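The values are calculated or read from the model by the stated rules, or taken from the named source; none is laboratory data. Note that this is a predicted model, so its numbers are computed, not measured. Counting neighbours? That spans all protein chains shown, and the Cβs are built from the backbone with ideal geometry, glycine included. To get the accessible areas, we keep the full protein, side chains included, count just its heavy atoms, and leave off ligands, DNA and RNA. Shrake-Rupley method; radii C 1.70, N 1.55, O 1.52, S 1.80 Å.
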Amino acid sequence: EAMFDGCTSLEEAPELPATTLAVRCYSWMFQDCSSLEVAPELPATTLAQSCYRSMFYGCTSLVNAPELPATTLAPYCYQSMFSGCTSLEDAPALPATTLADGCYESMFSNCTSLVNAPALPATTLADGCYDGMFYNCKSLVNAPALPATTLANSCYMRMFDGCTSLVNAPALPATTLADNCYGGMFYKCTSLVN
């Protein structure tokens, strides 16, 4: 946890070959490493609570995200993982179909260079799973499809809040809603036409 936090001159990350993670094991690891340009490979497929939480928070030089192959997530596993990565242009594929509470919460918040969102294929959601996921992504043009029909508490809350380039909203086919599921979802989306 927070192993290299604030190492503003760090340019290269060490290899991280573990495939089974533990609670908070990589959380805040490279927070505010503003010179880090290349992320290490992250091959883990067995995650744990908060394992990648804020791992690259504030890595303003990071352009490409590592692959994230896990298909079953853990609570808050990716929370704020790339928050404030203002140079990040492409999001990694997110193949998971089994979500967990807060798993993608604020994952790409303030990634102001991010243009395209990854596909989000999950049809069964969890509380707060997408809360603030793309908050303030001012360059985001296209929203991903959101196929879930049964929602969870706060699942889409603030998901696209502040996405001022977003033109089209995704279809929302859900027929079973939950508390605050759409709260502030498109707040301040000033370019939203449809």
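Values computed for the structure shown
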quantity	calculated
Taking the C-alpha atoms of region 2-62, convex hull volume expressed per residue in Å³	62 Å³
Convex hull projection area averaged over all views, the chain, Cα basis, nm²	9.1 nm²
Inter-label distance for Glu41 and Glu1, nm, one decimal - labels placed 7 Å from Cα along Cα-to-Cβ	2.9 nm
Solvent exposure ordering (accessible area, 1.4 Å, most first) of Met3, Met133	Met3, Met133
Surface accessible to a 1.4 Å probe, per residue, for the residues of region 62-133, Å²	32 Å²
Solvent-accessible area per residue for region 1-59 (1.4 angstrom probe, square angstrom)	52 Å²
Segment Thr150-Leu177, length gained on full extension (0.36 nm per residue, minus Cα span)	9.1 nm
Of all accessible heavy-atom area on region 1-116, the percent that carbon and sulfur account for (1.4 Å)	46 percent
Cβ-Cβ FRET estimate between Thr190 and Ser61, R0 fixed at 25 Å, reported to 0.05	0.30
